[in-house]
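Inspection log for the structure reproduced underneath, given as structure tokens.
FYI, it's all coordinate maths here, none of it is from the lab. On a predicted model such as this, the values are computed, not experimentally measured, just so you know. Note that we place each Cβ from the backbone using ideal geometry, even for glycine, and neighbour counts take in every protein chain shown.
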Amino acid sequence: MKLSPGAYTASRLPVRLVYAEYFDLVVDAIAAERKIKGWSRSKKEALISGDWKLIQSLAKRRGGKPLASS
């Protein structure tokens, strides 16, 4: 079954914009979108609420040792 363009979103209405950011270059916007898509749900929720301290704590490695710097 092939859906028409917009059918995915149309079947999930209403949709709310919860976060937006302005970029001068499209490539920067695409890079930011890809980075955010890889985040956990809790980290995305912290971004939406603007809780930068929680984002920082969620970004810390849980394996114990920090990554070796080059």
**Request:** For Tyr19 and Arg34, compute 0.36 nm times the residue count separating them, minus their Cα-Cα distance, and round to one decimal in nm.
**Result:** 3.9 nm
**Message:** Can you tell me which aspartates and glutamates have their Cα less than 16 Å from the Cα of Lys44? Leave out same-chain residues fewer than eight positions away.
**Reply:** Glu21, Glu33
**Message:** Just to verify a number: FRET efficiency for Val27 and Asp51, C-beta to C-beta distance, R0 = 22 Å, to 0.05?
**Reply:** 0.20
**Request:** Could you go through segment 37-44 in sequence order and give the Karplus-derived ³J(HN,Hα) for each residue, using 6.51 cos²θ - 1.76 cosθ + 1.60 with θ = phi - 60°, rounded to whole Hz, and x for Gly and Pro?
**Result:** 4, x, 6, 6, 4, 5, 5, 5
